[in-house]
Amino acid sequence: MFKITYMLLFSFMLGLFLANSAWATDDFVFTINSLSEFEAGQYPFVSGNAFTLDKTPVSDVQIQVNFPSEKIKTSTNSTGQFYVTSMIPAEIGEYTITVYAKKDNRFTDAQIIYQVSESLPTKQLKITNPIEQIPKVTDGNVELDPFSKMIKQLEEQKEIEVKKKEIAKEQQQINEQRIQAEAELQKDLKDSEKRMEYYSPRNVFYRFIQEVDSSFRGIFWQQFLFTEKITKEAHDAKENALDEGKSSLDAMKIFQEKAKVTQNEIMGLNKNLNIQYGNATSYTQDQFNEKGKIPREE
């Protein structure tokens, strides 16, 4: 059993826009590590890190690890490291782990092939008296008996679990920081909207008509509200079209169609407003023809 290590350079992802030229010389190196062999019942794992060519850690690299029967997503921490363990125990056979990494406009992936062999408890059934086994010495190195190997394996597994908990705790802290940052951003946006409310079209126009003669002020305000209503309905129709998957061009055509107002609609609005605010009577308004003019008498 030995460790497999892959080192890759992040490649560019081609998009509709060119990347910032600063990225051209700021390549990332991404390494992943795993074991070449696990025993049945163990939990396969993958670790790795990301850093620049000058060995600076790269945080927030989006990681997706595709184990044979599940997908787990995570990201590199502040030191550029990540660690992912499968939640499903391994079964005997040969398997492939695929690791995807993405950072801004860079992307890379790699595969690790590993073997899952017979579990240690099954192997121990062949040992009649493991306690009496005497360690062998080969070239000065002590070869552990199967029982000692099992103890060592359990210790290693415990270390892995401790490390996994530490990483989970660090990830939780990062998530909490992200949530706090998002809350602060939303607060800043609301404060900004409140400050800009004074300059909204409705408030600006309302301040403007305060300088207009009071006998016409109501008419001007109702005309603005009519225009505001038509514009909002057209904007909502455009947004609905985009949500349904229509193109920007088709959505804009829908906006223009919805925002159209006919001459008869304008004339009808002004007629009713003149009557409503006492600037004309129904009889006077009825003298105008469909073109808004008073017919000449021959």
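The values are calculated or read from the model by the stated rules, or taken from the named source; none is laboratory data. These figures come from a predicted structure and were not determined experimentally. Neighbour counts are summed over all protein chains in view; Cβ atoms, including those assigned to glycine, are modelled from backbone coordinates with ideal geometry. Protein only, heavy atoms only, side chains kept; ligands, DNA and RNA dropped before computing areas. Shrake-Rupley method; radii C 1.70, N 1.55, O 1.52, S 1.80 Å.
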Consider TYR83 carefully, then state whether it is among the hydroxyl-bearing types (Ser, Thr, Tyr), in contact with a Lys or Arg (Cβ under 8 Å, 6 or more places away or on another chain) and modelled with pLDDT of 90 or more.
yes
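Only helices (runs of 4 or more DSSP H) wholly contained in region 204-298 count here; list those with 3 or more residues that are modelled with pLDDT under 85 and at negative phi.
Working: elements: 214-243, 248-259, 263-276, 282-285.
Qualifying helices (runs of 4 or more DSSP H): 214-243, 263-276, 282-285.
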Every pair of residues 6+ apart whose Cβ atoms lie under 7 Å, when the first sits in region 36-50 and is under 13 Å from ILE97 (Cα atoms) and part of a loop (DSSP other than H, G, I, E, B) while the second is open to solvent by 30 Å² or more (accessible area, probe 1.4 Å) and modelled with pLDDT of 90 or more:
SER36/GLN115; TYR43/PRO89
Just one of (1) part of a helix (DSSP H, G or I); (2) at pLDDT 90 or above; (3) of a type in the set (Gly, Ala, Ser); (4) under 25 Å from the mean Cα position of the chain (by Cα) trips up SER192, so point out which.
(2)
Going through region 182-201 one residue at a time, which ones are within 18 Å of GLU228 (Cβ to Cβ) and hydrophobic (A, V, I, L, M, F, W, C)?
MET196
Which listed residue, of PHE17, PHE30, is part of a strand (DSSP E or B) and at pLDDT below 90
PHE30
Can you find, within region 171-209, the residue that is surrounded by the fewest Cβ atoms within 10 Å (Cβ to Cβ) among those that are in contact (Cβ under 8 Å) with a residue 12 or more places away in the chain and of a type in the set (Phe, Trp, Tyr)?
TYR206
Could you check region 61-103 and list, in sequence order, the residues that are at positive phi and surrounded by 15 or more Cβ atoms within 10 Å (Cβ to Cβ)?
GLY80
